[in-house]
1. From the residues in the range 107-125 that are touching a residue at least 12 places away in the same chain (Cβ under 8 Å) and not hydrophobic (A, V, I, L, M, F, W, C), which one is nearest to Gly45 (Cα to Cα)?
2. When you scan the range 143-165, do you find a residue that is crowded, with 17+ Cβ neighbours inside 10 Å, assigned to a helix (DSSP H, G or I) and touching a residue at least 40 places away in the same chain (Cβ under 8 Å), even just one?
3. Lys106 fails exactly one of the following numbered conditions: (1) at pLDDT below 95; (2) in a strand (DSSP E or B). What is the number of that condition?
4. Do you know which of the residues in the range 141-166 that are among the hydrophobic types (A, V, I, L, M, F, W, C), in contact with a Pro (Cβ under 8 Å, 6 or more places away or on another chain) and more than 10 Å from Phe97 (Cβ to Cβ) is modelled with the lowest pLDDT?
5. Of all residues in the range 102-154, how many are farther than 22 Å from Lys84 by Cβ, in contact with a helix residue (DSSP H, G or I) (Cβ under 7 Å, 6 or more places away or on another chain) and of a type in the set (D, E, K, R)?
6. Only one of (1) within 18 Å of the chain's Cα centre (by Cα); (2) outside any loop (DSSP other than H, G, I, E, B); (3) of a type in the set (S, T, N, Q) fails for Gln135. Which number is that?
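The values are calculated or read from the model by the stated rules, or taken from the named source; none is laboratory data. Quick caveat, the model's predicted, so the values are computed rather than measured. For neighbour counting, all protein chains shown are included, and Cβ atoms are generated from backbone atoms with ideal geometry for every residue, glycine included.
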Amino acid sequence: MSKAKAILASLVLTGAATAAFAAPVTIERTGAGTFPISSIVVVKGLGGADVAYVSGTPGAASAGDTKAQTVDALTKIEAALKSKGFGLGDIVMMRVFLVADPATGKMDFMGMMGGYSQFFATPAQPNKPARTTVQVAGLAAPGALVEIEAQAVKPATSGFEPAVAH
């Protein structure tokens, strides 16, 4: 290839990549009624990826103990992600907040793991997100022992889609 053709090819490729990354980024916020917090925010086209941020999702107190509330919270997160075209396997980071079980006065980490392990690192869904788990003094939802927030990433649904190593 001549030097001129190499330079032209380089310019064309650089221009195509720049145009793809210059595509407009859109932000979609979803929340119930007039409550001032979005339950899920999706940023589309961010560097060739779509990113979902799921707000803290508590387990319902009526679900029962920490394990049951963890299952409840993750089921809600799964539904929220699915409504935006994401799955649990797209989650890259989670934060889990646990309140001490009133029966023991301690956070039930093993109970949370019992619920969590039904959703992650399974044959059906082998992906494992990064995760932080902390004990907190209390949660905003009355009776909640668990609250989970998550961030998920997947290749952009439109426009430039870079190769993603798994």
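1. Among those residues, the one meeting the criterion is Gln125.
2. no
3. (2)
4. The selected residue is Val164.
5. Adding up the residues that qualify gives 1.
6. (1)
Here's the yes/no breakdown for (1) of a type in the set (S, T, N, Q); (2) surrounded by 15 or more Cβ atoms within 10 Å (Cβ to Cβ); (3) in contact with a Leu (Cβ under 7 Å, 6 or more places away or on another chain):
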{"site": "Gly89", "(1), (2), (3)": "no, yes, no"}
{"site": "Arg95", "(1), (2), (3)": "no, yes, no"}
{"site": "Leu98", "(1), (2), (3)": "no, yes, yes"}
{"site": "Thr104", "(1), (2), (3)": "yes, no, no"}
{"site": "Met107", "(1), (2), (3)": "no, yes, yes"}
